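Accompanying notes for the structure given below.
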Amino acid sequence: MTTKTLFEKIRDREIPATIVYEDDEFIAFKDIKPAAKVHVLIVPKKPYPTLEAVEMNDQMQLRLLQLARRLAKELGVSDNYKLHLNVGDKVQAVPHLHLHLLGGFDKETPTAL
């Protein structure tokens with residue numbers, strides 16, 4: 001038996017989170033240490049350890065970006081947001097594919113990563 005990732009535990013409601021979206025394929029929730037006014041993690045429910053574990057022709061990648069655009073609009077940041085994706089165990093804090101949606105920037109807010 002493998003140990004669940006933090007995101008699998010959130011998906012399974014074993015750890016609380018502020019969920020902003022959920023369907024059969026994805027769950028999205030607020031980051032507990034936000035780096036912007038809006039900082040949401042969009043996570044496939046299937047536990048891909050990293051983007052490189054996803055087959056190149058897997059349409060989940062397209063649906064992930066489509067969902068990011070949809071959530072940016074719903075969260076009121078579609079005119080000014082960033083998407084951030086870490087790949088690999090040296091840069092991923094959680095070994096489960098996830099996309100950061102950051103928004104709500106203004107002229108006084110630094111936006112460089």
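The values are calculated or read from the model by the stated rules, or taken from the named source; none is laboratory data. Note that the coordinates shown come from a computational prediction; the quantities given were computed from them, not determined experimentally. Ligands, DNA and RNA are stripped out before the accessible areas are found, and what is left, the full protein with its side chains, is counted by its heavy atoms. Shrake-Rupley method; radii C 1.70, N 1.55, O 1.52, S 1.80 Å.
I10 accessible area, nearest 10 Å², 1.4 Å probe?
Rounded to the nearest 10, the figure is 10 Å².
As a check on your grasp of the helix formula, calculate [θ] at 222 nm for the chain: sum -39500 (n - 2.57) over DSSP H runs of n ≥ 4, divide by the residue count, round to the nearest 500. Don't skip to the end; give the middle numbers.
Details: 2 runs with 21 residues, N = 113.
Taking each H run of at least 4 residues, the total per residue is -5500 deg cm²/dmol.
What is the percent carbon and sulfur in the accessible area of the stretch 1-78, measuring with a 1.4 Å probe over the protein chains and ignoring ligands?
Carbon with sulfur: 53 percent of the solvent-accessible area.
What accessible area, in Å² to the nearest ten, does a 1.4 Å probe give for Y48?
About 20 Å², ignoring ligands and nucleic acids.
What does the convex hull of the Cα atoms of the stretch 24-108 come to per residue, in Å³, rounded to a whole number?
Details: hull volume 8.8 nm³, N = 85.
Considering the Cα atoms of the stretch 24-108, their hull volume per residue is 103 Å³.
How large is the accessible surface of D12 in square angstrom, using a 1.4 angstrom probe and rounding to the nearest 10?
Roll a 1.4 Å probe over it and D12 shows about 60 Å².
Total Lys pairs in the chain closer than 16 Å by alpha-carbon, pairs eight or more apart in sequence or interchain only?
So the count of such lysine pairs works out to 13.
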